[in-house]
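Enquirer: So that we are looking at the same thing, I have put the structure below in structure tokens.
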Amino acid sequence: MKIAIIPPPAGQLRLFSERHWKRLSSLGEIVRNEWEGPSDDEAIGKLMVGADAVVTSWGSLPLTKPLLDRAPNLRAVIHAAGSVKKVATPELWERGIRVSSGNDALAVGVAETALGLTIASLKNMWELTRQTRQGGWSKGRGQVRELYEIAVGVIGGGRAGQHYIRLLRQFAVDVYVYDPVLEAKEIEAMGANKTDLETLLATCDVVSIHAPSLPSTYRMINGERLALMKDDAILINTARGSIVDEEALAEELGKGRLLACLDVTDPEPPAADHPLRLLPNCIITPHIAGAVNNGVRRLGQFAVEELERLKEGLPLQGEVRQTQLAVLA
């Protein structure tokens, strides 16, 4: 195979270790983008000439017809990042070119972060840390809870939601999922229970958002739905900031009855004087749930393994069908 690596050198350095490059070189001819400047169609087109597969990532240009015409034998686009929407064009599927997304690799870090936030929040670590820093010690221990005999709600049963559910299997908890796309039997196969959004919000002690950013999910968690949540419930958002009505969330948090952990906001970053920054029961992290630093190498590994599967004629783990685009992030 001839494989074109589209990300610029800095992106390649983040994605691939020496071990990855050795595995790539064993697959065939590797041509690498050596230009650090802004990508343009002409430079990428030259790189793609005669390629059987291309690897894209964050910042890659859309693969339009003129670019694809340079690679008439192209079999697959392996996207070493999440959403393929900024790279994939209808022309790819029309030509029978397979498209694969690294969403599953990204989902691992997202789910692990969500679990960490779940445990830290139930343990009341945020408040106990503040009190300890101020000279206190045991006040607040009465609010500590365990991941035991509680209800956890998962909004969105995609890759990240599924990984989170798998992690939760290690604990004696009941898991409920709201996902209008999935059938009850699919959710039961994950080890969870299908429910509607309002019931999930009203009954769960922890609610973790893993839904895509779509018109139908915009501000889905609004004031009316936040009011349904139980006192002392925990809301975790490692998905997209646009899913939560942040003004309504700030108002609800101001009542002191909920805790929110937000790894994403809308916009990012939030304004310096945004009330969510000031509320003691709002934990904000700067979009670190997915692949960060050494975690980006997981995407490089995904790309290598996907290319190995392609060469061996095996199914692609992250294959995306054109019909799926409407419900993907």
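Enquirer: Based on what the data block shows, is GLU224 over 18 Å from the mean Cα position of the chain (by Cα) and within 27 Å of LEU279 (Cβ to Cβ)? Write out each step before concluding.
Expert: Numbers: over 18 Å from the mean Cα position of the chain (by Cα): yes; within 27 Å of LEU279 (Cβ to Cβ): yes.
Yes; evaluated as a whole, the condition is true for this residue.
Enquirer: Please state which of the following conditions PRO38 fails to meet, knowing it meets all the rest: (1) assigned to a loop (DSSP other than H, G, I, E, B); (2) touching a residue at least 24 places away in the same chain (Cβ under 8 Å); (3) open to solvent by 40 Å² or more (accessible area, probe 1.4 Å).
Expert: The failed condition is (2).
Enquirer: Anything in the range 84-123 that is small (Gly, Ala, Ser) and out of contact with any strand residue (DSSP E or B) (no Cβ under 7 Å at 6 or more places or on another chain)? List them, or say none. First the steps, then the outcome.
Expert: In the first step, residues of the range 84-123 are kept if they are small (Gly, Ala, Ser); the result is 88, 96, 100-102, 105, 107, 109, 111, 114, 116, 120-121.
Scanning the range 84-123 gives GLY96, ALA105, ALA107, GLY109, ALA111, GLY116, ALA120.
Enquirer: Could you tell me whether ALA272 is in a loop (DSSP other than H, G, I, E, B) and in contact with a Gly (Cβ under 7 Å, 6 or more places away or on another chain)?
Expert: On the way: in a loop (DSSP other than H, G, I, E, B): yes; in contact with a Gly (Cβ under 7 Å, 6 or more places away or on another chain): no.
Spelling it out, it is not the case that ALA272 is in a loop (DSSP other than H, G, I, E, B) and in contact with a Gly (Cβ under 7 Å, 6 or more places away or on another chain).
Enquirer: Further question: List the helices (runs of 4 or more DSSP H) inside the range 101-184, counting only whole elements, that have at least 2 residues being modelled with pLDDT of 95 or more and open to solvent by less than 50 Å² (accessible area, probe 1.4 Å).
Expert: It comes to 103-122, 159-168.
Enquirer: Are any residues in the range 234-265 surrounded by 21 or more Cβ atoms within 10 Å (Cβ to Cβ) and out of contact with any helix residue (DSSP H, G or I) (no Cβ under 8 Å at 6 or more places or on another chain), and if so, which ones?
Expert: VAL244
Enquirer: A further question on this structure: Give the residue, chosen from GLY300, GLY313, that is assigned by the TED database to the domain that holds VAL87 and in contact with a Phe, Trp or Tyr (Cβ under 6 Å, 6 or more places away or on another chain).
Expert: Values: GLY313 fails: in contact with a Phe, Trp or Tyr (Cβ under 6 Å, 6 or more places away or on another chain).
Unique residue meeting the criteria: GLY300.
The values are calculated or read from the model by the stated rules, or taken from the named source; none is laboratory data. Predicted model, so just to flag it, every value in this text is computed and none were measured. Because the Cβ atoms are built from the backbone with ideal geometry, glycine has one as well, and the counts that use them run over all protein chains shown. Please note that ligands, DNA and RNA were not included when accessible areas were found on the heavy atoms of the full protein model with its side chains. Shrake-Rupley method; radii C 1.70, N 1.55, O 1.52, S 1.80 Å.
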